[in-house]
Structures are given as structure tokens and as C-alpha cells.
1. How many of the residues making up the stretch 384-417 are more than 14 Å from Gly445 (Cα to Cα) and either in a helix (DSSP H, G or I) or within 16 Å of the ligand (Cβ to nearest atom) (or both)?
2. Please go through the stretch 53-91 and give me each residue that is within 16 Å of the ligand (Cβ to nearest atom) and either outside the structural domain of Val419 (by TED's automatic domain parsing) or surrounded by fewer than 18 Cβ atoms within 10 Å (Cβ to Cβ) (or both), ordered by number.
3. For the subset of the stretch 357-383 comprising residues that are in a strand (DSSP E or B) and touching a Lys or Arg at 6+ places or on another chain (Cβ under 8 Å), which member is surrounded by the most Cβ atoms within 10 Å (Cβ to Cβ)?
4. Report yes if Leu230 is of a type in the set (A, V, I, L, M, F, W, C), open to solvent by 10 Å² or more (accessible area, probe 1.4 Å), outside the structural domain of Arg55 (by TED's automatic domain parsing) and over 26 Å from Arg86 (Cα atoms), otherwise no.
5. Please verify whether Gln131 is touching a residue at least 60 places away in the same chain (Cβ under 8 Å), within 16 Å of the ligand (Cβ to nearest atom), part of a helix (DSSP H, G or I) and closer than 28 Å to Asp18 by Cβ, treating the condition exactly as stated.
6. Considering the stretch 422-443 alone, what residues qualify as being within 13 Å of the ligand (Cβ to nearest atom) and crowded, with 24+ Cβ neighbours inside 10 Å?
7. Residue pairs, Cβ under 6 Å, 6 or more apart or interchain, first in the stretch 146-175 and over 19 Å from Val51 (Cβ atoms) and outside any loop (DSSP other than H, G, I, E, B), second open to solvent by 10 Å² or more (accessible area, probe 1.4 Å) and not charged (D, E, K, R). List them.
8. For the stretch 261-279: of the residues being farther than 18 Å from Gly400 by Cβ and either of a type in the set (Lys, Arg) or part of a loop (DSSP other than H, G, I, E, B) (or both), which is most open to solvent (accessible area, probe 1.4 Å)?
Amino acid sequence: MTRARAIELAEAHLDSGDLLRELTRKVAYPTESEADDRDEAHRSYLRDEIVPGLRRCGFTWRLVENPVAGMPPFLLARRVEDPALRTVLVYGHGDVVRGDAAGWSEPWSPWRLVVDGDRWYGRGSCDNKGQHAINLAALEQVLLAREGRLGFNVTVLMDMGEEIGSPGLREVCTALADDELAADVLLASDGTRVSERSPTLVLGTRGEVSFTLRATLRPRGYHSGNWGGLLGNPAVLLANALATMVDARGRILVEGLRPPAIPEPVRTILRRIEIDGGPTAPAVEDWGEPGLSAAERLYGWNTLEVLGLDAGTATGPQNAIPGTAAARCQLRFVVGTDWSVLERTVRTHLDAHGFGSIDVEVDEGTAATRLDPDDAWVSWAAASVERTTGKAPTILPNLGGTFPNDCFAEVLGIPTVWVPHSYPGCAQHAPDEHLLASLAREALGIMAGLLWDLGELPASAGG
Ligand SMILES: [Zn+2]
């Protein structure tokens, strides 16, 4: 058996209709993690949809109850061929965002997979059921092609709470880092390629932390005709404070909220990337840090956003100076930003600018991650994808968005290589979510190629 045969077998999984039948079943499970009565759907999805395929491949498995009370369990499955071999960790999530049936265009709906040309519509079709179905199918076909051997060990970790921030994932990774979750590399798929045609490798994520600035001057409003000029206005105070933090072009003015200079290897990669959100996307504007390309601003820099403002009632003002004002802010940040001291950074800045009366409340955040683009795993994966598709993949040092990759990169301490199988127009997290069949076919080949090549990799190579 050969590499080419493994790829053929994987592509045949789509051509035969098997992937469509499989995904039709998977999409029918209403595994919304934001709803609170989905425990049975979550457990059944793992036991009845994921476990049978893994058992065919010789995995042992167990459900890991979530250490956070009331949160869904994880599936942890392992296939140990030889403890001396390298271990790859494959992560996926079986939960989905809300179905939102009313929002879908006829005849599409969240829980029934409908094929329309190249598009397979259904909730979870691309985020993430389609993507992990592709990866596990490719694994099974490589195992067939190698006649029952892989040449490496595999651990599969399936999360059922990713869309609500993966509660418990960090605790589970911490508890099992030296045990069942010990691995040499993470190979996983979620999110989208930079464009439909370009296979993409993603090496990390931006981090995210939200905080509220609150000016509480007095418990109620006072008539502006009687008190204007005598009482401070919290909304004016807040607007001025914000203006000292981010300028009118979106440039961050607080030194501690700005990232370090973009490392040269990252810069080299980002220079080649065009932002292509598809035909319905808004045009990129001249916003943010001056002198950077759009890709550098999205993937290589921090952004400070005001997500919401609250003072008085804008639609029906009462001729009163409001008593309080609040701004909901968010920092998206890249590796190298010391976000753990965010509260102190903002506090010091506000005090220095005379805004000592504004309070800062910081939420929990998620760390940024980025595998060094010069890491041996990156060149290995890129060469494999190019060999399979004839296309050099786009390498994204990190996503613009955030997911808990820090659990793998930091807690488990392993290199993370993400291979997304969707595209920017897929409508994930919105009505009319869909997977592209042509892209899924290519993805089956890419994953079969990667998993075949992993079995050929000498024990000392690749990191
Ligand atoms: Zn998602």
C-alpha cells in the first residue's frame, strides 16, 4: 500500500456518499452547548457517533466528567500502538452554537443536512462536526492502507463545550498532562482557511480579555438645566478617558496594551497574506496601527475595541445628566502582550490622565498562542500538504480570533498545528452554516497525507 492509495481511500469516503451519510446523522444531534438541557444529546453524540468509529480503529475510550459542575463531559480515546512511538493529539468539538431555526433560509434548517450543489447545509456541518469527521475518517483510511498499523500513537480529545469557552478543558489538561494527554504534537481542525482555494496551517490564536470601565458619580440623574455646569458628566468623562486609550483611527495609545514589534519570521509570512472575506465581506478600511498591512493588523497586532456604551438613554434622553456611565471594552492580543497585569496597566494609565474616578473591572481572559513558524513541525506539515494538493499552504502564525489553544500550547506544552477545513463564507455561528463538499474532499486527502507521513517520520525528526 502507498501514500497515494491512502489518499484515494480517504477521498472515496466522500465519493461513496459515506461522509454525507455520517454527517447527516451527526448534524441531527442538537448538541447546542448554550442550551441547558442537552446533556443526553452530548453524551449520545460521543457514545453513539464518535466511539463506534474509534473502536473500529482499536481505540480504548472513556468519558471524562467535567470538573466544572453542570458542564458537559469530554471523550478521551487512545490508541497506543507502541509506547516508544510518537503520540499525536487530535482535538475536536461536538457541541454547536444555537440552532436558530427561524433565521435559516428555506429549505435549509439547523438539524437536517441539506445538499445544494457543492454546499452541505446544517448546524455543525463545518463547526465542528464536519471537520472532526474528516479527520477521523482520514485516520481510519490510513489505518486500512497501512494494514492495521499507523506508525504512531493517537489520542482523541472531544470537547462538548467549546462554544461556551471550553469550561473544564484547562483543568482536564492540567490533570492529565503527564498521563493520558501526554503527546508530541497537536493536529486539529477548526475555523476557516484564509480563502476557499488555499489550504491553510494555523499555528496559534490571538488572546482575548474583556473589561468594563465604569464612572459612577452619583446614584441618579439631575436636570441639566438646573445642574449643568455644576455637576460632572460621567459620559463625558468616560468618552475622554477612552480617547486617551485609543485614537480616532483605532490606534492603541496605552503602551502596556500594545504588542511588541512583530517578529521578523511572522512578518515575512504576513506580508504574503491577503485578507479575502469573500464576496459579501465588507471592504477593509484604513484603521488601526498605521504602517501595517491588513494582515499584520489582524494577525500580528492588538486591537482595543469598545463593544458597548451605556449612559442615560440615547433614544429617549430625559434632559438629565446621567449618574453613571459604562464602556464594555475588549482587547484582542498577540503573544508577547502582558495581559495578566491588564487591570494595573489600565488603572495606572487612567490615574496618570486624571481619571481616578473611573473603575476598571477585568473579566477572565484567554491567552494568546503562536508556534514559531520556523518550528520543524511547520515545515513538515507544509511539505506534506503541498505534496498532496500541489499547493503550498498559507501559514497563519495565529488566528485573529480566540479559542483555548493555550490548553495545548501552554498546559500540555506541545506544538500546535491546526488545519482548518472550512472557508470564510461558511456562515459558521450564523444561519445557513454549510460545508463545501469539494473542500471536504481535498481536506480528506490532506489529512490522509499528513497522517500517512507522520507514520513515516523518523523518531528523531519533526520536533
Ligand atoms: Zn464555533
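The values are calculated or read from the model by the stated rules, or taken from the named source; none is laboratory data. Quantities reported herein were computed from a predicted structural model and do not represent experimental measurements. Ideal geometry is used to build each Cβ from the backbone, glycine not excepted, and the neighbour counts take in all protein chains shown. The protein model used for the area step is the full one, side chains on, heavy atoms only, and it has no ligands, DNA or RNA in it. Shrake-Rupley method; radii C 1.70, N 1.55, O 1.52, S 1.80 Å.
1. 14
2. Across the stretch 53-91, there are no qualifying residues.
3. So the first thing to find is which residues in the stretch 357-383 are in a strand (DSSP E or B), and the list is 358-362, 366, 369-370.
When the remaining residues are screened for being touching a Lys or Arg at 6+ places or on another chain (Cβ under 8 Å), the result is 358-361.
Numbers: Ile358: 24, Asp359: 13, Val360: 18, Glu361: 12.
Among residues in the stretch 357-383 that are in a strand (DSSP E or B) and touching a Lys or Arg at 6+ places or on another chain (Cβ under 8 Å), the one surrounded by the most Cβ atoms within 10 Å (Cβ to Cβ) is Ile358.
4. Taking the combined requirement at face value, the residue satisfies it.
5. Against the criterion (touching a residue at least 60 places away in the same chain (Cβ under 8 Å), within 16 Å of the ligand (Cβ to nearest atom), part of a helix (DSSP H, G or I) and closer than 28 Å to Asp18 by Cβ), Gln131 qualifies.
6. If the condition is that a residue be within 13 Å of the ligand (Cβ to nearest atom) and crowded, with 24+ Cβ neighbours inside 10 Å, then Ser422, Cys426, Glu433 are the ones that fit.
7. Glu163/Ser33; Glu163/Val97; Ile164/Ser33; Leu169/Pro404; Glu171/Pro67; Cys173/Val411; Cys173/Leu412; Thr174/Val411
8. Pro279
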